[in-house]
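Comments concern the structure below.
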Amino acid sequence: QVQLVESGGGLVQTGGSLRLSCAASGRTISVPSMGWFRQAPGKEREFAAGTNWRDGGTYADSVKGRFIISRDNAKNTVYLQMNSLKPEDSAVYYCAANSRLVPIATSRDNYWGQGTQVSVSS
């Protein structure tokens with residue numbers, strides 16, 4: 001079993017920044033595919049950013065140029081640096097991971113974190 005522990009959510013003003021972290025544990029193997037999804041009230045969960053061992057960061061159009069995803073493979077940890085935050089970025093952000101080298105955005109067997117709230121106010 002893979003457990004995902006998230007941190008870094010909070011309340012910021014428009015234009016501010018936050019850094020989310022997600023560490024995978026529970027196994028002695030790596031999780032080569034990791035990423036982030038978000039879900040706003042009244043909306044379905046949507047892909048935000050992902051990365052894996054083979055490819056660089058992949059981003060939804062809504063966050064390109066503002067969010068940067070990175071990872072520490074040795075620690076099985078993924079980060080999401082969020083800059084120039086807007087009110088429409090407000091959502092619960094969920095960490096996702098997969099023990100296989102697959103596209104995190106479309107895989108249907110991801111492990112999921114508990115979610116962390118990001119609120120952006122004007």
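The values are calculated or read from the model by the stated rules, or taken from the named source; none is laboratory data. These numbers were taken from a predicted model, which means no experiment stands behind them. Because the Cβ atoms are built from the backbone with ideal geometry, glycine has one as well, and the counts that use them run over all protein chains shown. Note: accessible area is taken over every heavy atom of the protein model, side chains too, but ligands, DNA and RNA are not part of it. Shrake-Rupley method; radii C 1.70, N 1.55, O 1.52, S 1.80 Å.
Toward the positive end of the charge dipole of the chain, with +1 on the Cβ of Lys and Arg and -1 on the Cβ of Asp and Glu, the farthest Cα among 73, 21, 8 is that of 73.
Skip the ligands, DNA and RNA, and give the accessible area per residue of the chain with a 1.4 Å probe, whole Å².
Working: 6480 Å² over 122 residues.
Per residue, the chain has an accessible area of 53 Å².
Listed by chain and number, the aspartates and glutamates placed with their C-alpha closer than 16 angstrom to that of residue 75 are 6; residues fewer than eight positions away on the same chain are left out.
Computed on protein heavy atoms with a 1.4 Å probe, the accessible areas place 43, 64, 86 in the order 43, 64, 86, largest first. Seen from all directions on average, the stretch 57-122 presents a Cα convex hull projection of 5.1 nm².
Subtracting the Cα-Cα distance from 0.36 nm times the residue separation, let me have the gained length for residue 109 to residue 14 in nm, one decimal.
On the way: separation 95, 0.36 × 95 = 34.20 nm, distance 3.44 nm.
Stretched fully, the residue 109-residue 14 segment lengthens by 30.8 nm.
Between residue 43 and residue 81, what length comes free when the chain is fully extended (0.36 nm per residue of separation minus the Cα-Cα distance, one decimal in nm)? Display every interim value, and only then the final one.
On the way: separation 38, 0.36 × 38 = 13.68 nm, distance 2.29 nm.
So the chain would gain 11.4 nm between residue 43 and residue 81.
Based on Cβ point charges of +1 for Lys and Arg and -1 for Asp and Glu, what charge dipole magnitude is obtained for the chain about its Cα centre, in debye rounded to the nearest 20? Show your work: numbers first, answer last.
Details: 13 positive and 9 negative charges, 38 e Å.
Dipole of the chain, to the nearest 20 debye: 180 debye.
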